[in-house]
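Here is the structure we will look at.
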Amino acid sequence: MSEAVKVPTMAEYMAEGKMPEVLFWVGCAGSFDDRAKKITKAFVKLLHSSKVDFAVLGTEESCTGDPAKRSGNEFLFQMQAVTNIEVMNAYEIKKVVTACPHCFNTLKNEYPALGGNYEVMHHTQFLKSLLDEGRLTVEGGKFKGKRITFHDPCYLGRANNVYEAPRDLLKKLEVELTEMKRSRRNGLCCGAGGAQMFKEPEPGNKDVNIERTEDALETKPDIIAAGCPFCNTMMTDGVKNKEKEDSIEVLDVAELIANAQDL
Amino acid sequence: MQYIPNIIFVIILIAGIGYFAKNVRKLIRNIKLGKDVDRTDNKKERFNNMARIALGQSKMVRRPIAGILHIIVYLGFIIINIEVLEIIIDGIFGTHRIFAFLGGLYDFLIGSFEVLALLVLVSVFIFWIRRNVINIRRFKTLKGWPKNDGNIILYFEVVLMTLFLTMNAADLQLQNLGADHYVKAGAYPISQFISPLFDGISEGSLILLERGAWWMHIIGILIFLNYLYFSKHLHILLAFPNTYYGDLNPKGQMDNLEAVTNEVMLMMDPNADPFAAPAGDEPEGEPEKFGASDVTDLNWVQLLNSYTCTECGRCTSECPANQTGKKLSPRKIMMDTRDRLQEVGDNIDKNGSFVDDGKQLLNDYITTEELWACTSCNACVEACPVSISPLSIILDMRRYLVMEQSAAPSDLNNMMSNIENNGAPWPFNQMDRLNWSQE
């Protein structure tokens, strides 16, 4: 996927005196992590194909502070939050979409108390709204009939009660959507939340992502669908650990839709 | 002389309720050792939560077997307490079955109490099997006092229900004998099968049996009431305020530390004078402590949570860290918080005010290894049938470790300094944030 995509920035919009329909908050994983960058690009392609007028902050974006806050560093979190809010308020941002449930949760729930009030959507919710408005078409394409199981990200599901948007999109792909024994509000964490992504786990008898991958493998899937760059990493590692990477793909919902259409 | 039983009854009643009231006052004082947090908003939603979750047991039935059995015992507990009202009136005034005038309704009430009593006995028996025979991990992992506590409560139930049915069985015999005082009243769908056991017993002995069971039943109830304060069983009362005062925000939203906001806003304000003396009316004192190292650093809702916890272990059985063999157990977080709070309360009782005992919640009860194993996934919060949040305590203790002690694991310190220096948890330059679009 080594091709440049056209991504306008807020600064460019501002220079032209225009306002985009929505700000795409890319997030740190989406900007820097090689795997997550593919998700970012897939989502951008869908935005383009749906003719969504969007922009990113680009170099003006900074970590939302989520991992700092969950680690207990409220000070660093608020510094990040206040800085980001100043930038977004200066651009008079009204609506934000992000492909990361951690950014989503933080922007939506924790920024208002610090002066950042935006309508925040997870990319699966946003894509679902495009679908409902008839701006996005989702077709099965090459995934038609494949067996897919969706792993609920904690910060999308339990934390914010978004369970149906990603599933509605997947169903549109004409795939065989199968549920793990623990799903929706009972979904098991991938093991990355609460800043665990950035540290070694405490001593135990298993890694959380292996436990969760086993849940997924029980459903005999062709594809494990995710809605979070960190879950994606954890599940991909889990599948590799089980030596199933040749038969099972871990893909973001946005990638599935974009790839189905060969965008 | 004929009033002696009435007088004894009133003395026992006052002593039983009085001692309980004394302990409830201690309980409230201990809970108020916590920091203030405002939960006076959205009264309607709070009331609905209480009605749905505590009164309606909505989260209990997510595990159907335990849930339905629990509802039977809960209904039995609430409904059979109508009978206690009659017992109290009879006890004070020396009457017998004062509500008998209700006629058909009385028959219906007594009849349903009996059916419930039997159902409670059956449920309690199954509970006991689940706790002691079947290998259910969340019960198996309880040792010592918490394990005994759970069983003692079940034995209490068995004794009280058996006494209730025995009392009725003897009463029925006496009614059939036409004994003085024993009016024909009530329906006895269960105790009619116990009653034949007492065939041929003299009227005097039957009265002794009936009175004995009656007295032991009411004294048993008073003992059970007072046992609550010392056991995990306070949830039968505290589930109601606990669900009322629960957090209404989305589960992913963690509270904003206002003390930090003030500092941050000052730093960000270009007009702030860094050398300004504090405003004159501000009292010089200890600077605000960030996070929690002891129970008094937690807020009163978190402390109420700890007294409400009945150690069912649903949180721990859903916890991803616990399931993969880490030390963290959300149930233990709640039990430790309560044990420490009780210790602080006892210290105050003994010394008049708290005297430093060289202990705190952190390290002496909850280790950092437990705290750092949490993925903040909210599975424990979702699992709790009475709206307890172990996660909020974990977060407050992490805040203390990081902001007061700089004691985060080194990997996390790297992550945090990356965010501080280059706006991402990894060491990438902020100026490279848009490079992905060109790759």
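Throughout, read-outs are computed from the coordinates displayed, never taken from laboratory work. Bear in mind the structure is a predicted one, so any value in this text is a computation, not a measurement. Neighbour counts are summed over all protein chains in view; Cβ atoms, including those assigned to glycine, are modelled from backbone coordinates with ideal geometry.
Brief remarks follow.
- Size descriptors for the stretch B:1-109, from the alpha-carbon set: Rg then Dmax equal 20.0, 57 Å.
- Length gained on full extension, B:K43 to B:D107, computed as 0.36 nm times the residue gap minus the Cα-Cα distance: 19.1 nm.
- Dimensions (Å) - the stretch B:280-439, Cα atoms, principal axes, largest first: 69, 51, 26
- For B:K35, distant residues with modelled amide H under 5 Å away: B:L298, B:N299, B:W300
- Of the DSSP H helices in chain B, those whose Cα atoms cover at least 20 Å axially and whose Kyte score averages -0.5 or more: B:4-31, B:64-93, B:104-132, B:144-177, B:203-228
- A dipole drawn for chain B from +1 and -1 charges on Cβ atoms has a positive end, and of B:S195, B:V133, B:N429 the residue lying farthest that way is B:S195.
- Rg to Rh quotient for the stretch A:14-80, alpha carbon positions, Kirkwood Rh: 1.06
- Per-residue ³J(HN,Hα) for the stretch A:207-221, Karplus 6.51 cos²θ - 1.76 cosθ + 1.60, θ = phi - 60°, Hz, x for Gly and Pro: 8, 4, 5, 5, 4, 6, 4, 4, 4, 5, 5, 4, 8, 6, x
- Fewest-first ranking of B:R62, B:R46, using other Cβ atoms within 10 Å as the exposure measure: B:R62, B:R46
- Sites B:K143 and B:E439 - FRET efficiency at Förster radius 45 Å, r taken between beta-carbons, to 0.05: 0.20
- Across chain A, counting alpha-carbon atoms alone, Rg and Dmax equal 18.0, 57 Å.
- Among B:F164, A:F143, the ranking by other beta carbons within 10 Å of each residue's beta carbon, starting with the fewest, stands as A:F143, B:F164.
- Take each residue of peptide B:417-427, count the partner chain Cβ atoms within 10 Å of its Cβ, and average: the result is 6.
- At a Cβ-Cβ separation cutoff of 4.7 angstrom, cysteine residues of the protein assembly as shown with no neighbouring cysteine are A:C28, A:C63, B:C309, B:C312, B:C319, B:C374, B:C384.
- Among A:E255, A:E243, A:E61, sorting on how many other beta-carbon atoms sit within 10 Å of each Cβ, with the fewest leading, yields A:E243, A:E255, A:E61.
- Difference of contour (0.36 nm per residue) and Cα-Cα distance, B:K26 to B:N176: 49.1 nm
- Pairwise Cα inverse-distance average, inverted: Kirkwood Rh of the protein assembly as shown (Å): 28.8
- In this rough spin-label picture, where each label sits 7 Å from Cα along the Cβ direction, the A:K142-A:A90 distance is 4.3 nm.
- Isotropic mean projected area of the C-alpha convex hull, chain B (nm²): 31.0
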